[in-house]
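A quick write-up on the structure given underneath.
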Amino acid sequence: MASHRVTVVGHRTFEVEEGEKLALAIERSGFDISHRCGGKARCTTCRVRFLSPEPPMGEAERACLEEDGELGNYRLACQIRVDRDMEVEVLMRASKQGWDPGIPLEP
Ligand code: FES
């Protein structure tokens, strides 16, 4: 299976299998990305900013960001499947927010 290189700013670069959920890949790499709602496109705590070209956006992610007036400001890592090399900045790291990451993410 194809794999891609994901870089988290201030953390490291790691290999991710094609199709893996970005938030889960970041967490598996040892970085405490927040995911308070468990990947349901509700909490927006898994927000990331892309420094590389952005992957396509699905309906659930678009609806959530539109509702919050945040479309274009950041992306939801729980709604993105890794389909290319990516470089992202994680905007709400759990340890910096003073909470635990949240409900476990499903693959
Ligand atoms: S929106 Fe809640 S974990 Fe992504």
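Here Glu89 fits the description: more than 14 Å from the ligand (Cβ to nearest atom), in contact (Cβ under 8 Å) with a residue 60 or more places away in the chain and not hydrophobic (A, V, I, L, M, F, W, C).
Summed over segment 8-43, the residues that are part of a strand (DSSP E or B) and either over 12 Å from the mean Cα position of the chain (by Cα) or over 15 Å from Arg93 (Cα atoms) (or both) give a count of 6. Residue check: Ala60 meets all listed conditions (1) touching a Cys at 6+ places or on another chain (Cβ under 7 Å); (2) farther than 20 Å from His4 by Cα but one, namely (1). Filter segment 44-58 for residues that are assigned to a loop (DSSP other than H, G, I, E, B) and within 13 Å of Tyr74 (Cβ to Cβ); which is nearest to the ligand (Cβ to nearest atom)? In this case the residue turns out to be Cys46.
Evaluate segment 93-103: report whether one residue or more is under 10 Å from the mean Cα position of the chain (by Cα) and in contact (Cβ under 8 Å) with a residue 60 or more places away in the chain. So that I can check it myself, show each step before the final result.
To start, the set of residues in segment 93-103 that are under 10 Å from the mean Cα position of the chain (by Cα) comprises none.
No, there is no match, as no residue in segment 93-103 is under 10 Å from the mean Cα position of the chain (by Cα) and in contact (Cβ under 8 Å) with a residue 60 or more places away in the chain.
Here segment 1-53 is the region considered, the condition is being closer than 14 Å to Arg81 by Cβ and of a type in the set (Gly, Ala, Ser), and the residue that is surrounded by the most Cβ atoms within 10 Å (Cβ to Cβ) is Ala23.
Scan segment 19-34 residue by residue and report those that are small (Gly, Ala, Ser) and away from the ligand (no atom under 14 Å from the Cβ).
Gly19, Ser29, Gly30
For segment 59-66, the condition of being farther than 24 Å from Glu17 by Cβ, outside any strand (DSSP E or B), within 12 Å of the chain's Cα centre (by Cα) and within 11 Å of the ligand (Cβ to nearest atom) holds for none of the residues.
Evaluate segment 31-45: report whether one residue or more is farther than 19 Å from Ile103 by Cβ and at pLDDT 95 or above. The answer is no, given that none of the residues of segment 31-45 is farther than 19 Å from Ile103 by Cβ and at pLDDT 95 or above.
The values are calculated or read from the model by the stated rules, or taken from the named source; none is laboratory data. These numbers come from a predicted model, not from an experiment. All Cβ positions, even for glycine, are placed from backbone atoms using ideal geometry, and neighbour counts span all protein chains on display.
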